[in-house]
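First the structure, in the form of structure tokens, and then the observations on it.
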Amino acid sequence: MSPPVFQTRLTRLFGIDHPILLGGMHHLSDAVIVAAAVNAGAMGFITARSSETPEAFRSELRKCRELTGGRPFGVNLTISKRPAYNHYVAEWLGIALEEGVRHFETAGSSPQEWIRPIHDAGGLIMHKCPSVRHALSAERLGVDVIGLVGMEEGGHPGANKLSAFVHGAFALRQLKVPLVLGGGIGSGEQLAAALALGADAVVMGTRFMVASEIWAHDALKQRIVEADEHSSTTVLGTMNETWRVLYNETARKVQELENGGARRHEEYGDLILSSRTRQRVYIEGQVEEGMVSLGPACGFADRIEPAGEIIRRLMRDAERAARGLAGRMGTTGLQANTGLQPALA
């Protein structure tokens, strides 16, 4: 584990060493990868929707608790705007609280219904938002942390057209709770920049897609290693469901259908189903045959390696960037803006 370098409101609140969060990745954020991030000093969130049954979800939580040796880890609860898809949310939350989980990442629709039960159990909730307006609404509802993502986020960044750092600059003038930035972040230099801006941490997903603990086929990881910052694209924006994905053959087919006027899920057949991606891409390694949530941070994923090594490299590069900033502005100002420990002054 890399020694702690930065202290922020978020690291203190979550009790972690590094201001890095591994966000929930559908199908991929299981006990193994989350435990690897946690054991390296970060925080990770198991995606409840990745489990086929509530009992399978409980098993993942117990496995993660064993792998982390009692270190705190989190759970991602994605709240769909389609009520029928939220059937298990209450059960997932109940199971997580029963199993001792106290850190939650919510995303999608309003988390209002889930804030009180989480707080009553002594838990913390970070809600991921696509705009400053949504962030302010979530803060008023009582969430403990805001995760604010830009248009670069792999997966579903919302309809916003602004970058993570533009969002962050405006949000920090208005928010009172800790702020986590996400979207296109995959380097230590960006982590240092986010902290210098005033953010309390960053949330990543794409950068960890090549972690050796990710269970998906190595063919996908190798494809990401060979990718650059231009290897993602967006689809379904015309349906107000913007999705940033790997630019592969399936994405091109979806874009053709969308450009041709397709506006209903049924018109895309199984091309946009996560079950197709899980089977054909993650299991079989057919990297052209599914929609893979991915952002431009894939350009930083230059090798397949353990999550702990990814975090070590991120922290090394962030420290180097912070030292460079210290050389330009003096250590007093640096500590005030980033929380850099005196040892690095």
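The values are calculated or read from the model by the stated rules, or taken from the named source; none is laboratory data. Predicted model only: the values in this text are computed from it and were never measured. Positions of Cβ are generated from backbone atoms using ideal geometry, with glycine treated the same way; all protein chains shown enter the neighbour counts.
Candidates VAL145, VAL89, VAL166, VAL149: the one that is in the same structural domain as LEU195 (by TED's automatic domain parsing), more than 17 Å from the chain's Cα centre (by Cα) and closer than 20 Å to GLY23 by Cα is VAL89. Residues that are buried (at least 18 other Cβ atoms within 10 Å of the Cβ) and of a type outside the set (A, V, I, L, M, F, W, C) within segment 232-257 comprise SER232, THR242, ARG244, TYR247, ASN248, THR250, listed in sequence order.
Taking each residue of segment 55-68 that is in contact (Cβ under 8 Å) with a residue 24 or more places away in the chain and looking for partners that are among the basic types (Lys, Arg) and outside any helix (DSSP H, G or I) with beta-carbon atoms closer than 9 Å, six or more apart or interchain, yields ARG65/ARG71.
Among the residues of segment 237-272, write down those that are in contact with a His (Cβ under 9 Å, 6 or more places away or on another chain) and either closer than 25 Å to ASP302 by Cα or among the hydrophobic types (A, V, I, L, M, F, W, C) (or both).
MET239, TRP243, ARG244, TYR247, ILE272
Can SER110 be described as in a helix (DSSP H, G or I) and surrounded by fewer than 17 Cβ atoms within 10 Å (Cβ to Cβ)?
no
Look through segment 208-227, keep the residues that are among the acidic types (Asp, Glu) and more than 19 Å from the chain's Cα centre (by Cα), and return whichever of them is surrounded by the most Cβ atoms within 10 Å (Cβ to Cβ).
The extreme case among them is ASP218.
Screening THR106 on (1) touching a His at 6+ places or on another chain (Cβ under 8 Å); (2) more than 24 Å from ALA42 (Cα to Cα) shows it passes everything except condition (2).
Yes/no matrix, rows are residues, columns are (1) under 17 Å from LYS221 (Cβ atoms); (2) in a loop (DSSP other than H, G, I, E, B); (3) modelled with pLDDT under 95; (4) over 20 Å from the mean Cα position of the chain (by Cα):
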residue	(1), (2), (3), (4)
GLN255	no, no, no, yes
GLU267	no, no, no, yes
VAL287	yes, yes, no, yes
ALA297	yes, no, no, no
ARG303	yes, yes, no, no
LEU334	no, no, yes, yes
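The set of residues in segment 154-175 being surrounded by fewer than 19 Cβ atoms within 10 Å (Cβ to Cβ), small (Gly, Ala, Ser) and modelled with pLDDT under 95 consists of ALA159 alone. Here GLY44 passes the criteria (1) part of a loop (DSSP other than H, G, I, E, B); (2) closer than 25 Å to ARG207 by Cβ; (3) out of contact with any Pro (no Cβ under 8 Å at 6 or more places or on another chain) except the one numbered (1). Of the numbered conditions (1) assigned by TED's automatic domain parsing to the domain that holds GLU319; (2) in a helix (DSSP H, G or I); (3) in contact with a strand residue (DSSP E or B) (Cβ under 8 Å, 6 or more places away or on another chain); (4) buried (at least 22 other Cβ atoms within 10 Å of the Cβ), VAL202 satisfies every one except a single condition; which is it? Looking at each condition in turn, VAL202 falls short on (2). Taking the conditions exactly as written (at positive phi, modelled with pLDDT under 95 and crowded, with 19+ Cβ neighbours inside 10 Å), does GLY183 satisfy them or not? Spelling it out, it is not the case that GLY183 is at positive phi, modelled with pLDDT under 95 and crowded, with 19+ Cβ neighbours inside 10 Å. Looking at segment 232-253, can you tell me whether even one residue there is of a type in the set (Phe, Trp, Tyr), in contact (Cβ under 8 Å) with a residue 24 or more places away in the chain and not in a helix (DSSP H, G or I)? The answer is yes, given that some residue of segment 232-253 is of a type in the set (Phe, Trp, Tyr), in contact (Cβ under 8 Å) with a residue 24 or more places away in the chain and not in a helix (DSSP H, G or I).
Assess whether ALA193 counts as being touching a residue at least 24 places away in the same chain (Cβ under 8 Å) and either part of a strand (DSSP E or B) or in contact with a strand residue (DSSP E or B) (Cβ under 6 Å, 6 or more places away or on another chain) (or both).
Working: touching a residue at least 24 places away in the same chain (Cβ under 8 Å): yes; either part of a strand (DSSP E or B) or in contact with a strand residue (DSSP E or B) (Cβ under 6 Å, 6 or more places away or on another chain) (or both): no.
No.
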